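Structure first, then comments.
No lab work stands behind these numbers, since they all come straight from the coordinates. Because the structure is predicted, anything quoted here is derived from the model rather than measured.
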Amino acid sequence: MKSKNLNLGNSIFKGFNDQDGLMICGYEWGMSKQDQKDSQDNNLVEPEIDIEHTFANKARYWGERANTWRYDNNIKQWFELWGFPLDSNELGGNFEKSLVQTNWADTQGHSIHDSDADKYIMPEHVDNFIYHVNALRPKVILLMGSKLIDYLQNPAVLPKFIEVMGDITERRTVIQKPSSGTKFRVHFQSFEHCKVVGLPHPSGSFGISYDYIASFKPELSAILTEYKNLRNF
């Protein structure tokens, strides 16, 4: 079931993602303008009945239209490229139930070009992010957007994050792989109780290729393997 106090994209499964899970965190809620148009054309209305659903299988709740959402589909593809394909059959397994999707801000926007620091370090948005981190205490956070890892370092955010997740144990490192296309940077940072990865935005990064995302398999596979071992999945 979803918690009424949390802004989530999937259900909460006690013992899996209510604590110590893997958090997928974007900028804010909302679709691209094309996705929004498609949803309006398909009369997208939130179901009245709360049906349990994982990030990997939102169709249980939203219907088949959920399988067309670019943001979600790209993330699913990334997990597969890293060697961790998500089971979209019913509720999947323990790993799928341990994922929890949220956003830094509980607002709606249609373009990541609106994602400026002045907006996302506003107290209400920082508090929303920290509230979810504190409530869920994830072991791994995948920040889906190139600016989010920078916002995390902001003096308005980092001390609050450290208060929940402990001191920094590994300073932020930046890795950029060889590529014939756009070479996005991927950031890694560790805290006492959490690992954070800063990734490009799955549906807003023009020029990003699956091959480039796949080139980070060694780093992401190590993090996800450690996470699964820690959770005994």
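Each residue of segment 56-67 is assigned a 3J(HN,Hα), and the resulting list reads 6, 9, 6, 5, 4, 9, 8, x, 4, 4, 4, 6 Hz, derived from the Karplus form 6.51 cos²θ - 1.76 cosθ + 1.60 (θ = phi - 60°), x at Gly and Pro.
Scanning residues 5 or more positions from Asp18 or on other chains, those with amide H under 5 Å from its amide H are Phe13, with H placed 1.01 Å from N in the peptide plane.
Among the listed pairs Lys139/Lys183; Lys14/Lys58; Lys97/Lys183, those whose Cα-Cα separation exceeds 24 Å are Lys139/Lys183; Lys97/Lys183. For Ser146, the residues whose amide H sits under 5 Å from its own are His201, ignoring neighbours fewer than 5 places away on the same chain, with H placed 1.01 Å from N. Three principal axis extents of segment 48-188 based on alpha-carbon atoms, in descending order, are 43, 42, 31 Å.
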